[in-house]
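The values are calculated or read from the model by the stated rules, or taken from the named source; none is laboratory data. Computed from a predicted model, the values in this text were never measured in an experiment. Please note: Cβ atoms are built from the backbone with ideal geometry, for glycine as well, and neighbour counts cover all protein chains shown. These accessible areas exclude ligands, DNA and RNA; they are computed on the full protein's heavy atoms, side chains included. Shrake-Rupley method; radii C 1.70, N 1.55, O 1.52, S 1.80 Å.
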Amino acid sequence: MKLKIGILEILVILSIVITAGVLGYNFLGSNTTKYDYSGEEMYKCAWVSENILKKGFILNAEVDGEWTADKSPFKDTVRIIGASGGTLTVIYGDKEYEMGGRLASKEDVAIKYIKLVPAGNSMITYRLNSVQASSYADLKSKIEQETAITGLTPEYIIIEGSIASDGNTLLPTTQQEIRNVFKYEKLMPTFSILINGTTMMGEFEITHFESFDEILHPNNVLTSDLKVSVVYSETEAEITEKIGEDVKLKISSWK
């Protein structure tokens with residue numbers, strides 16, 4: 001069967017292709033792109049948000065809109081944890097909500113104006129061999145020491161890999177405590193309950209490690225080889241100026 005495409009369909013296809021090209025150029029090729037959008041630009045906002053999240057950065061946003069349930073105003077800062085189509089999934093007040101464009105009705109909030117505010121500007125990625133520690137606090141300290149650069153202070157550090165700890169077998173309520181620590185994170189780590197300890201696998205923001213000590217009470221901790229992402233407020237150019245171009249580090253940016 002032959003498919004007939006009229007002039008209107010062709011114009012629509014060209015419009016989509018051109019728009020996608022412009023978005024790609026603005027996001028990947030320009031450092032002057034503004035990251036604020038009106039409620040009519042939510043598909044573009046969600047597309048850019050998704051790309052920032054995929055690069056591993058924590059993404060906040062300043063939102064001005066209204067609750068769709070009662071039309072009362074909403075104006076505050078949220079954390080974006082997901083983006084799809086023209087909808088953002090956010091954390092606000094320790095709860096998860098969905099936000100859409102100006103005419104949104106199914107989402108919790110209709111956005112009139114939004115400004116994306118990624119936490120940090122640049123990221124340095126490391127590969128570390130297995131690390132052994134006496135506790136999660138000790139593990140956090142060792143990772144910070146391994147990745148420390150004079151003159152730079154990290155905004156936050158995320159590791160990816162598996163962590164095993166010796167200790168007591170976890171009760172179901174203790175297992176749920178661990179899940180609660182991660183309930184608003186991008187990825188929920190998987191964990192195995194053993195007779196005398198725990199193994200967890202996934203991505204971990206190391207600020208959570210203090211909570212692990214309080215919950216698990218470990219007496220020995222051992223990791224797999226790790227991917228470590230350290231985020232800084234400085235730009236790529238500022239980092240290069242401080243540490244020198246001869247230092248072989250993988251530096252990336254959300255821009």
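Miscellaneous remarks
- Positions within the stretch 35-64 being within 15 Å of SER122 (Cα to Cα), open to solvent by 10 Å² or more (accessible area, probe 1.4 Å) and in a loop (DSSP other than H, G, I, E, B), in sequence order: LYS55, GLY56, ILE58
- Among the residues of the stretch 65-81, those identified as within 17 Å of ALA104 (Cα to Cα) and part of a strand (DSSP E or B) are GLY65, GLU66, TRP67, PRO73, PHE74, LYS75.
- Residues within the stretch 172-204 that are open to solvent by 30 Å² or more (accessible area, probe 1.4 Å), in a strand (DSSP E or B), over 16 Å from ASP225 (Cα atoms) and at pLDDT 80 or above, tallied: 0
- Pairs linking a residue in the stretch 43-57 that is more than 17 Å from ALA110 (Cα to Cα) to a residue that is part of a helix (DSSP H, G or I) and open to solvent by 10 Å² or more (accessible area, probe 1.4 Å), with Cβ atoms under 8 Å and 6 or more positions apart or on different chains, are TRP47/LEU23; VAL48/LEU23.
- Total residues in the stretch 89-101, condition open to solvent by less than 70 Å² (accessible area, probe 1.4 Å) and touching a Ser or Thr at 6+ places or on another chain (Cβ under 6 Å): 1
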